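The values are calculated or read from the model by the stated rules, or taken from the named source; none is laboratory data. The structure presented is a predicted model; accordingly, all values stated were derived computationally and were not measured. Counting neighbours? That spans all protein chains shown, and the Cβs are built from the backbone with ideal geometry, glycine included.
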Amino acid sequence: MSGITGILLAGGQGRRMGGVDKGLQLLRGQPMAQHVIERFAPQVDELLINANQNIEQYQSLGYRVIPDAIGGFVGPLAGLHRGLSEAAHPLVVTAPCDSPFLPLDLVTQLKNALETHQAELAVAKTGDQPHPVFSLCRKSVLPGLTAFLESGGRKIDLWYSQLKVVEVQFADEAAFRNINTREELAASSKA
């Protein structure tokens with residue numbers, strides 16, 4: 001099992017930030033998505049950006065941009081679905097565009113757990129809190145995900161309850177903090 005495709009999830013509408021594209025909001029002088037890419041890209045063999053708006057701005061970050069195949073901004077599973085469809089590698093890992101402090105060993109830890117437990121999906125967890133948008137899965141989950149989405153399913157935890165899942169404990173909760181509001185963005189810019 002070699003080769004991992006990373007999917008930067010930037011397909012949302014940014015409603016909690018006033019309807020702006022969160023990944024393109026500036027944090028310390030550069031788009032938040034760029035901060036994520038700097039930590040995420042070195043951990044994968046291929047990086048794709050899932051975005052549904054501002055395509056040219058995301059393309060300027062240097063990676064192929066893939067919009068959801070399912071319209072209507074239906075959530076991160078639609079981004080994973082498109083990423084699984086486009087991935088060049090047998091494993092696919094996701095990270096959201098609004099979590100610029102993600103662990104530098106995210107992919108290594110998830111992959112080790114996936115292999116050790118022969119799981120279909122490895123999900124990051126801190127304390128009692130799973131972080132399903134930070135997950136690594138096998139491309140073989142695509143048909144089941146397609147069926148789930150086509151039946152109207154949208155909730156990540158409901159989808160992955162059907163899979164063999166391993167939760168991977170990480171110590172640093174701050175690494176998984178996402179920036180959802182302008183206030184959180186301002187506070188992170190000063191930190």
What is the residue count in the range 161-181 for residues that are surrounded by 15 or more Cβ atoms within 10 Å (Cβ to Cβ), outside any loop (DSSP other than H, G, I, E, B) and either under 15 Å from the mean Cα position of the chain (by Cα) or hydrophobic (A, V, I, L, M, F, W, C) (or both)?
5
Residues (among the hydrophobic types (A, V, I, L, M, F, W, C) and without any contact (Cβ under 8 Å) to a residue 60 or more places away in the chain) located in the range 77-120
110, 113, 114, 119
For the range 129-155, how many residues meet the condition of being in contact with a Leu (Cβ under 7 Å, 6 or more places away or on another chain), surrounded by fewer than 20 Cβ atoms within 10 Å (Cβ to Cβ) and modelled with pLDDT under 95?
1
Could you tell me how many of the residues in the range 16-44 are surrounded by 13 or more Cβ atoms within 10 Å (Cβ to Cβ) and part of a loop (DSSP other than H, G, I, E, B)?
4
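Specify which of the listed residues (111, 22) is closer than 27 Å to residue 147 by Cα and among the charged types (D, E, K, R). Can you show your working first?
On the way: 22 fails: closer than 27 Å to residue 147 by Cα.
Result: 111 is the single residue among 111, 22 that is closer than 27 Å to residue 147 by Cα and among the charged types (D, E, K, R).
Within the range 81-128, take every residue that is acidic (Asp, Glu) and within 25 Å of residue 31 (Cα to Cα) and give me the one that is surrounded by the fewest Cβ atoms within 10 Å (Cβ to Cβ).
First pass over the range 81-128, keeping only residues acidic (Asp, Glu): 86, 98, 105, 115, 120, 128.
Now narrow it down to the ones that are within 25 Å of residue 31 (Cα to Cα): 86, 98, 105.
Numbers: 86: 16, 98: 26, 105: 12.
Selected residue: 105.
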Hey, does the range 70-90 have a residue that's under 23 Å from residue 170 (Cα atoms), modelled with pLDDT of 95 or more and outside any loop (DSSP other than H, G, I, E, B)?
yes
Pick from 132, 143: which is free of Cβ contacts under 8 Å to residues at least 60 places away in the same chain and closer than 19 Å to residue 36 by Cα?
132
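May I ask you to list the residues in the range 144-160 that are in a helix (DSSP H, G or I) and within 16 Å of the chain's Cα centre (by Cα)?
Step one: list which residues in the range 144-160 are in a helix (DSSP H, G or I), which gives 144-150, 156-160.
The answer is 145, 156, 157, 159, 160.
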